[in-house]
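S.K.: Sharing a structure with you now.
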Amino acid sequence: TKTFTLYKEDGTPGLQYNLEQFRSRYREGDFERLSEAISQIAEMKKEKAGLQVCILGTAENGHDTDYDVMITVLRKEKGIPTILLGTRRDITEERERQQQVKTLRSRYQSVFSTSIVDMIYFDKNGCIANMNERAQNTFNLPLSVAKEKRITMSQALKIEDLDFKQRDYFYATFKANHETLQYKGIEYYEFQLVPVYDDHHELLGIYGTGS
């Protein structure tokens, strides 16, 4: 009979489950993947296996929890497995952050593509990484060409040595005549630049909007 024992943080045995009880704790498909990993170790096809699983919420905690799981084995002589030892790391918050980033990126792309103003995203080195269609028309510059030629903020907006560590945004108006880029039917161009930082205040990139 297969039994599964959860060990407490101090290393002492805690709750014990039979096969069906243990299966019911997992999201559909996760237990089968876990069982396959265990079988491969038991059959000496692997010495360890790592995977990600979701344990369903209970009446007590009320929410699902995502884990990174690593399974290793202790064997007797001749390689016969005696104990399969599984360790797990809670990655729920990490998964939630990843989902939030994915949602924000989706929203950003939607706004970026449908905006009624020019939108340009410069990478941390000041090179154009993305432009909406309106900006490509204004600058007479396809995004593919901007990336290939690594057009910079200096070339596109005539900005030199702008240190964003000293400011939260930058706003300016200039005459739209430039030796590198030819603006379409525009005499003056107004734009605003806003830097984006990570949690450690390292520059990730710069959003630019203009008209």
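The values are calculated or read from the model by the stated rules, or taken from the named source; none is laboratory data. What you see is a predicted model, and the numbers here were worked out from it, not measured in a lab. Ideal geometry is used to build each Cβ from the backbone, glycine not excepted, and the neighbour counts take in all protein chains shown. Side chains are part of the model used for accessible areas, which takes the heavy atoms of the whole protein and leaves out ligands, DNA and RNA. Shrake-Rupley method; radii C 1.70, N 1.55, O 1.52, S 1.80 Å.
S.K.: Angle between the Cα long axis of helix 92-114 and the longest principal axis of the chain, 0 to 90 degrees, nearest 10?
M.R.: Long axis of 92-114 versus the principal axis of the chain: about 30 degrees.
S.K.: Calculated FRET efficiency, residue 107 and residue 80, Cβ-Cβ r, R0 41 Å, to nearest 0.05?
M.R.: On the way: r = 55 Å, r/R0 = 1.33.
Efficiency, from the Cβ-Cβ distance: 0.15.
S.K.: Once both axes come from the Cα atoms, what is the angle between helix 30-42 and the longest principal axis of the chain, in degrees from 0 to 90, rounded to 10?
M.R.: 60 degrees
S.K.: Identify which of the listed values of mean projected area of the Cα convex hull in nm² was calculated from the structure shown: (1) 15.4; (2) 14.3; (3) 18.8.
M.R.: Looking at mean projected area of the Cα convex hull in nm² for this model, the match is (3).
S.K.: If the only charges are +1 at each Lys and Arg Cβ and -1 at each Asp and Glu Cβ, what is the size of the charge dipole of the chain around the Cα centre, to the nearest 20 debye? Let's see the in-between values first.
M.R.: Numbers: 29 positive and 32 negative charges, 131 e Å.
Rounded to the nearest 20 debye, it is 620 debye.
S.K.: Take the Cα coordinates of segment 10-131, assign each an equal point scatterer, and use the Debye formula without solvent to give log10 I(q)/I(0) at q = 0.12, 0.20, 0.22 Å⁻¹.
M.R.: Log10 I(q)/I(0), no solvent term: -0.66, -1.20, -1.36.
S.K.: Something else: Which is farthest toward the positive dipole end of the chain among 34, 56, 121, measuring Cα position about the Cα centre, with Cβ charges +1 (Lys, Arg) and -1 (Asp, Glu)?
M.R.: Positive-most Cα among the choices belongs to 34.
S.K.: Here's another thing I want to ask about it. Kindly report the accessible area of segment 85-147 per residue (heavy atoms of protein chains, probe 1.4 Å, no ligands, DNA or RNA), in Å². Before the final figure, lay out each step's value.
M.R.: Working: 4140 Å² over 63 residues.
Ligands and nucleic acids excluded, the result is 66 Å² per residue.
S.K.: A 32 angstrom limit on the alpha carbon distance is what I want to check against. Which of 48/147; 8/76; 102/149; 46/102; 102/175 exceed it? Don't skip to the answer; put the middle values down first.
M.R.: Working: 48/147 44 Å; 8/76 25 Å; 102/149 29 Å; 46/102 34 Å; 102/175 38 Å.
Beyond 32 Å: 48/147; 46/102; 102/175.
S.K.: Let me ask another. Just grab the label-to-label distance for residue 163 and residue 116, each label 7 Å out from Cα along the Cβ direction, in nm (one decimal).
M.R.: 3.9 nm
S.K.: Could I ask something else about it? What is segment 1-157's relative contact order, in percent, from Cα pairs under 8 angstrom and six or more apart in sequence?
M.R.: Numbers: 190 pairs, mean separation 16.8, N = 157.
Result for segment 1-157 is 11 percent.
S.K.: If you roll a 1.4 Å probe over the chain with all protein chains in place, what percent of the accessible area is carbon or sulfur? Write out the running numbers ahead of the final one.
M.R.: Details: 7080 of 14590 Å².
The nonpolar share, carbon plus sulfur, comes to 49 percent.
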